[in-house]
Amino acid sequence: YDYDWCTPQDDNLWNSGTEENPQKTDYDPCPEGWRVPTYAELNELSQNYSSWTLEGGQNGYWFSGASSYTEAVPQVFFPAAGCRDRGGDARARGYHGNYWSSRTNNTNANNLYFNSSNVNMNNNNRANGYSVRCVQNLLLCLLIISYDCR
């Protein structure tokens, strides 16, 4: 099926546990000690954020999760990295970001989506090449690989 990560479809490819108790699988693309975030984690993170900004030459948002956004609270930058469509074509870099969660929904999966005027949780074909931002397994801090918390 050309709209999935693999054939046959595997709804537990990145999380064999639950939203409340995620369990990293061997197929999770994150390094040891890290895992793909759950829908609930990305949804909570997306509740408060900066204005559309340019950071290190990349458009995107600083997200602060449950805390109201100010520069005094911990936050993490998500660049508008664009995506690859099912045909492999790169598109929309600098204009929007799509970040996978580990939660599936039929032949789709949930993801954080944003552009310069919109931030929300979406549901898209699993075959799309979206970004993955790993979280630490123990959730002691929401650190993102290659970007520091501010």
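Tabulated results
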item: Mean Cα-pair separation over length for the chain, i.e. relative contact order, pairs under 8 Å, 6 or more apart, %; result: 23 percent
item: Cα-centre dipole for the chain with unit charges at Cβ (Lys and Arg positive, Asp and Glu negative), debye to 20; result: 340 debye
item: The range 1-78 - percent of accessible surface contributed by carbon and sulfur, probe 1.4 Å; result: 46 percent
item: Highest average packing first - 85-94, 11-20, Cβ atoms within 10 Å; result: 11-20, 85-94
item: Listed residue (SER117, ASN137, GLY33) projecting farthest to the positive dipole end of the chain, Cβ model; result: SER117
item: Probe 1.4 Å, accessible area per residue of the chain, Å²; result: 53 Å²
item: Local electrostatic count, ASN43, Cβ distance below 11 Å [Lys/Arg +1, Asp/Glu -1]; result: -2
item: Karplus (6.51, -1.76, 1.60) ³J(HN,Hα), θ = phi - 60°, over the range 121-137, in Hz, Gly and Pro reported as x; result: 8, 10, 9, 9, 4, 5, 6, 5, x, 9, 6, 10, 10, 6, 10, 5, 4
item: Cα convex hull of the chain, projected area averaged across orientations, nm²; result: 8.7 nm²
item: Within the chain, helix-based [θ] at 222 nm, where runs of 4 or more DSSP H residues each add -39,500 (n - 2.57), nearest 500; result: -1000 deg cm²/dmol
item: Neighbourhood net charge (12 Å Cβ-Cβ; Lys/Arg +1, Asp/Glu -1) for ASN108; result: 0
item: Other-chain or far-sequence residues with amide H under 5 Å of VAL119's (modelled H); result: none
item: Local net charge near TYR130, Cβ-Cβ under 14 Å (Lys/Arg +1, Asp/Glu -1); result: +4
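The values are calculated or read from the model by the stated rules, or taken from the named source; none is laboratory data. These figures come from a predicted structure and were not determined experimentally. Methodologically, a virtual Cβ is constructed for each residue, glycine included, from the backbone with ideal geometry; neighbour enumeration extends over all protein chains shown. All accessible areas refer to the heavy atoms of the entire protein, side chains included, with ligands and DNA or RNA removed. Shrake-Rupley method; radii C 1.70, N 1.55, O 1.52, S 1.80 Å.
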